[in-house]
Structure formats: C-alpha cells, structure tokens
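Colleague: Here it is, the structure, as structure tokens.
Every read-out reported here was derived from the displayed coordinates using simple, explicitly stated rules and does not represent laboratory data. Predicted model, so just to flag it, every value in this text is computed and none were measured. Cβ coordinates were reconstructed from backbone atoms using ideal geometry, including for glycine residues, and neighbour counts include every protein chain displayed.
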Amino acid sequence: MTSFQKIKTPRSPKYLAWIRTQPCCATDCPPSDYCQIVAHHVRSGNGGGIGMKVSDYRTIPLRADIHNELHGYCSEKQWYADFLDVHWDEMVLRYMLKYALEIDESKNAMRALEQMLVEL
C-alpha cells in the first residue's frame, strides 16, 4: 500500500498583507478608499491541483472589482492574456522577489521563490 505525504502549502498572512499595499497590477491603481486591493491567488501553471490550495506567495494585487470580474471570466489563463502586459509567472516572480529583497527577514519568500523557479 502506497502512502502519500501531504504537502504543506506555504502560508504567509504577512505576505498577503504586503501584497494588498501594492498597486493593482492590471490598472496601476494604488490602494485607497476608492481602490480596494485584494490578493489574488494565481492558480494557473504549477500552483495547485485538485484539492490543493495555492501558496500565498503565488499572489498578485488586483482591485476588488477586477478580482471579481476575473472569477467570472471564461478562464483564468485567458483573463491574464487579455488584461495583463506580462505573463502571470513573471508578475508573480516580480512581487516575490521585491518582497524577498525588501521585507522578508524570515527568508520564507526566498524559499518559495526558489521553489517556483525550480518548477518553471
């Protein structure tokens, strides 16, 4: 009988809070009373599977209304292609690297970044 070890999905409330302080990656709108930013978990690529949660480090900042629109779109990959200037992988990597270099003292973001680079 084969046993499967449950893979622990990286979680970071601190990283999610930081993502919400960044401008919307689709409109460049900075967070304000008029522009609520949410952390969108990117599910495309190697970021998850059936019954798997996506790492908190695979997030991008989006305006709340755009985030809701994305979830109603035909496919997440198509939304990225239609509305973002760069590939979603590159965007996630940019935020992870910025956070890892400027803020993350525990080096968790750097480890998640290294793992994502291995998956590419």
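Colleague: How big is the charge dipole of the chain about its Cα centre, in debye rounded to the nearest 20, if each Lys and Arg gets +1 on its Cβ and each Asp and Glu gets -1 on its Cβ?
Modeller: 600 debye
Colleague: Something else now. How far apart, in nanometres, would the label points at K14 and Y73 be if each is projected 7 angstrom from Cα along the Cα-to-Cβ direction?
Modeller: Using points 7 Å along Cα→Cβ, the separation is 3.1 nm.
Colleague: Could you identify which residue out of P31, P13, P61 has the top mean-square fluctuation in a GNM of the chain using Cα springs shorter than 10 Å?
Modeller: P13
Colleague: Let me ask something else. Which of A17, A39, A100 moves most in a GNM of the chain, Cα contacts under 10 Å?
Modeller: A17
Colleague: Expressed in whole Å with the largest first, what are the equivalent ellipsoid semi-axes of the chain derived from the C-alpha gyration tensor as the square root of 5 times each eigenvalue?
Modeller: For the chain, the semi-axes come out at 24, 19, 13 Å.
Colleague: Which whole-number percent gives the relative contact order of the chain, counting Cα pairs below 8 Å spaced six or more residues apart?
Modeller: After rounding, I find 23 percent.
Colleague: As a check on your grasp of the helix formula, calculate [θ] at 222 nm for the chain: sum -39500 (n - 2.57) over DSSP H runs of n ≥ 4, divide by the residue count, round to the nearest 500.
Modeller: -12000 deg cm²/dmol
Colleague: Please compare each pair in K14/K98; K53/K107; K53/K98; K77/K98 to a cut-off of 19 Å on the Cα-Cα distance and tell me which ones are over it.
Modeller: K53/K107; K53/K98; K77/K98
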